[in-house]
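Read-outs: derived from the displayed coordinates by stated rules, not from any lab. Model, not experiment: these values are computed from the prediction. When we count neighbours, we look across all protein chains shown, and the Cβ atoms used for this are built from the backbone with ideal geometry, even at glycine.
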C-alpha cells in the first residue's frame, strides 16, 4: 500500500473517532458582552443589575428592565457609582 494513502487513511480514521471539542472559538471567548452602553437610565425602570468581570473586557454593568429587556449601562454614571460605593460599606 502506498505510504501517502496509508497516511490519509490514518488521518481520516483519527478525525472520525476523535471526541468533539467543547472549546469555544477564541473570538467568542474574548468578546465583551457590552459593546455599547447607555449613559442615562432612570433607576425606576430597572428590575435587577448584573455585574460582569472578565479578564479581556472592562467592568460591565447590565440592567434588566421591567420590560425584560437587557441594557448595558455606563459604569461611570453617578447614581451607579453611589450605589456601588454604598454596597461596599
Given labels modelled 7 Å from the Cα in the Cβ direction, how far is it in nm from residue 39 to residue 69?
-> 1.9 nm
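How much length is gained on full extension from residue 17 to residue 31, taking 0.36 nm per residue of separation minus their Cα-Cα distance?
Values: separation 14, 0.36 × 14 = 5.04 nm, distance 3.12 nm.
Between residue 17 and residue 31, full extension yields an extra 1.9 nm.
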